[in-house]
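The values are calculated or read from the model by the stated rules, or taken from the named source; none is laboratory data. Treat the numbers as computed from the prediction; the structure is a model and nothing was measured. Cβ placement follows ideal geometry from the backbone for every residue including glycine, while neighbour counts extend to all protein chains displayed. For the accessible areas, the whole protein counts, side chains as well, though only heavy atoms, and no ligand, DNA or RNA atoms are used. Shrake-Rupley method; radii C 1.70, N 1.55, O 1.52, S 1.80 Å.
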Amino acid sequence: MIHQELVDFLKGQGVCDICQLRYLKARGNEYRDLKESFEKLNVKYETDSSETLCKKPKLEVCPCCLGLFSHSFQSLLIERILKTDIQKFECDDIVVAICMPMLVQTRQLSMWYALLEKFGTQIEKERAPDVPLKEAVKLIINPIICKELKKKYEPNGNGIMINIQLSHSLEEENLKQLKQLHEKAFPTPPNAKRQPVSRGVLEKQYTPKRLKPELFQEFFPIPPPTVDDILSLESMELTGPTVFVAGRYRKITREMSHTPWVLNGKRIMEDSIEEIIIKSVAPYFCNDTTKVIFMSSGREDVDVRCLGKGRPFVLEIPNSVHTTLPVTEAYRMECEIDKSLKLSVRNLQMVNREELVHIKSGEEQKKKYYRALCKLRDPATIDLLRKLDLPEGFEIQQKTPIRVLHRRPLHTRPRTIFKMKAWVHQNDTRLLVLDVVSQAGTYIKELVHGEFGRTTPSVSSIIEQPVDILALDVLAIDLDWPKEIDNGIGQETK
């Protein structure tokens, strides 16, 4: 098939220059200079439709893209975007997502049949003859929007998302006809649930190889007829990028849960670690803080403190208006959290999505350091302390504790105790201070008392007497992330 013959046929149907290039499989920069691109493909380029070899004069509304690539539509698009509050977003990258009516897909299929009728076996029946509209939008419309807004296109999807919903006056009738065609072309087996017609179904099932042109033509004309109306802008929604803020928290109270504690619809505790941090950090980035996700490298029980450098955490904040965190803001947030007198946060900073792997890997692959205050049944002896002096560590088998079975599946998990050492409290020989270095994911309370033999061996089984745990602190978490920064340098507390 000669390119000129294809173009002449498309022109005869009123197809626009951009869509002609789509059917010539143009890629990348080939859409920028139309004249140059046509000449490279040995196609005569004429801007004046009256001088072409078309049987029909070139029409304003392309029957394939319905005016999507016209200058008037692009101008309307830019105008609508500029009327939004896009300037509030502190972001140089954008992503454009355009949702088109299914009428466009139906017309693409109709033109496919027309090309098969005209050029026969030179056109494939399984592979569409044109560059998909979605790809063409990225190649043509996205650069225009970026240039006008002075923004960069973000292919990874973490810029300002501009969601555009398009519609057309003929879409309702198109959907009605499409439903009838679908019922006839793909009948539903008895007692089976009918699959609705969707964009995905159209793309995968509606090809000339699977659907005969005679059946298609019972409901839709071939080729697609000309129309009077271009696509219309139904709605436009802007969504800011998702950002990630990391830090370390120190929990200095024994009366606060990790996340909101609600039992039978009633709050058990006033605050939680998650709520205090989100309340102080998230409002700077977004208005709706309910969608912010809090993640940390493990968690401690309500009555357990987390001391030392603290526990690493990260906030995932969608629809953010900011993509940077000034040191002054970070310090203000840290000071605000300190005012709770329950929690302290340091090292607040922005991180990349890729760094979240540290949070996940730290949950069970790192070492954690604990100090427990234990109550013995009998006074401690030198022999007892020797039994608990285990610098080489040992392995345990630990069943899911009964107290967490409501949120964790029942499993027996092997865990490593890397080191253990104990000494007697100076005021009471039945009080034992126990330092433990364990694999992350170990339940320390159950390691101490054994929970009726569900953790073996345990401190209780090693010293052969009942042991109760009175208090527990997390002293350190072996995870060197996020990096240490001092937001308070040069700052004055106000």
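Identify, among Leu68, Ile293, Val227, the residue whose Cα sits farthest towards the positive end of the charge dipole of the chain, taking +1 on the Cβ of Lys and Arg and -1 on the Cβ of Asp and Glu, with the dipole about the Cα centre.
Projecting each Cα onto the dipole axis, the largest value belongs to Ile293.
Could you give the size of the charge dipole of the chain about its Cα centre, using +1 on the Cβ of each K and R and -1 on the Cβ of each D and E, expressed in debye and rounded to the nearest 20?
Dipole magnitude for the chain comes out near 1320 debye.
Mind checking the per residue accessible area of the stretch 349-494 for me, 1.4 Å probe, whole number of Å²?
With all protein chains present, the stretch 349-494 gives 57 Å² per residue.
Which of the peptides 80-88, 168-176, 20-28, 106-114 is most tightly packed, and how do the rest follow, going by the mean number of other Cβ atoms within 10 Å of each residue?
Ranking the peptides 80-88, 168-176, 20-28, 106-114 by packing returns 106-114, 20-28, 168-176, 80-88.
Using Cα positions and a limit of under 14 Å, work out the aspartates and glutamates in reach of Lys366, with same-chain residues fewer than 8 apart set aside.
The qualifying aspartates and glutamates are Asp478, Asp480.
With θ set to phi - 60°, apply the Karplus curve 6.51 cos²θ - 1.76 cosθ + 1.60 along the stretch 260-272 and write out the HN-Hα couplings as whole Hz, x wherever there is a Gly or Pro.
x, 9, 10, 10, 6, x, 10, 6, 8, 10, 5, 10, 9
Order the following by accessible area, largest value first: Lys44, Lys445, Lys35. Probe radius 1.4 Å; ligands, DNA and RNA are ignored.
Putting Lys44, Lys445, Lys35 in descending order of accessible area: Lys44, Lys35, Lys445.
Given the chain, what percent of its DSSP beta bridges are antiparallel, to the nearest 5?
85
For mean projected area of the Cα convex hull in nm², which listed value, (1) 34.3; (2) 26.8; (3) 25.2, comes from the coordinates shown?
(1)
With θ set to phi - 60° and the Karplus curve 6.51 cos²θ - 1.76 cosθ + 1.60, what are the ³J(HN,Hα) couplings of the stretch 165-178 in order, to the nearest whole Hz, using x for Gly and Pro?
Coupling constants for the stretch 165-178: 9, 9, 9, 8, 4, 9, 5, 4, 5, 4, 5, 4, 5, 5 Hz.
Under 1.5 on a/c is rounded, so check that first for the stretch 291-347, then, if it is not, pick prolate when a/b is larger than b/c and oblate when it is not; a ≥ b ≥ c are the square roots of the alpha carbon gyration tensor eigenvalues.
It comes out oblate by the Cα gyration axes.
Mind listing which trypsin sites (Lys or Arg not before Pro) in the stretch 380-420 are in a DSSP loop and have 15 or fewer other Cβ atoms within 10 Å?
Passing both the DSSP loop test and the Cβ count: Arg407.
Is it possible to state the helix-based mean residue ellipticity at 222 nm for the chain, with each DSSP H run of 4+ residues giving -39500 (n - 2.57), the sum divided by total residues, to the nearest 500 deg cm²/dmol? What is it?
That comes out to -8500 deg cm²/dmol.
Going by the alpha-carbon gyration tensor, a ≥ b ≥ c the square roots of its eigenvalues, is the stretch 365-494 rounded (a/c under 1.5) or, if a/c is not under 1.5, prolate (a/b greater than b/c) versus oblate?
oblate
Where does each of Tyr206, Tyr443 land when they are ordered by accessible area, with a 1.4 Å probe and the largest first?
Correct descending sequence by accessible area is Tyr443, Tyr206.
Where only protein heavy atoms count, and the probe is 1.4 Å, what is the accessible area per residue for the stretch 276-332 in Å²?
That works out to 41 Å² per residue.
Along the charge dipole of the chain, pointing to its positive end and built from +1/-1 on Cβ of Lys, Arg, Asp and Glu, which listed residue (Pro190, Gly488, Val43) has its Cα farthest out?
Result: Pro190, furthest along the dipole toward the positive end.
Could you provide, to the nearest whole Å², the per residue accessible area of the stretch 119-195 with probe 1.4 Å?
Per residue, the stretch 119-195 has 63 Å² of solvent-accessible surface.
If the only charges are +1 at each Lys and Arg Cβ and -1 at each Asp and Glu Cβ, what is the size of the charge dipole of the stretch 347-488 around the Cα centre, to the nearest 20 debye?
That gives the stretch 347-488 a dipole magnitude of about 480 debye.
Need the C-alpha centroid separation for the stretch 13-49 versus the stretch 73-109, integer Å.
23
Mind pulling the angle between the C-alpha long axis of helix 327-338 and the longest principal axis of the chain? Nearest 10 degrees, somewhere in 0 to 90.
The angle comes out at about 50 degrees.
Answer rounded, prolate or oblate for the stretch 318-371, using the Cα gyration tensor with square roots of eigenvalues a ≥ b ≥ c: rounded when a/c is under 1.5, else prolate when a/b is larger than b/c, else oblate.
Verdict is oblate for the stretch 318-371.
About the Cα centre of the stretch 191-283, how large is the charge dipole given +1 on each Lys and Arg Cβ and -1 on each Asp and Glu Cβ? Please answer in debye to the nearest 20.
About 720 debye.
Once phi is turned into ³J(HN,Hα) by the Karplus curve 6.51 cos²θ - 1.76 cosθ + 1.60 with θ = phi - 60°, what whole-Hz value does each residue of the stretch 227-243 show in order, with x for glycine and proline?
Taking θ as phi minus 60°, the curve returns 10, 9, 9, 8, 4, 10, 7, 7, 7, 9, 10, 9, 10, x, x, 8, 10 Hz for the stretch 227-243.
Where the centre of each part is set by its Cα atoms, how far does the stretch 417-437 sit from the stretch 135-182, in angstrom?
Using only Cα atoms, the two centres lie 65 Å from each other.
Can you pull the percent of the chain's accessible area that's carbon plus sulfur, 1.4 Å probe, other chains left in place?
50
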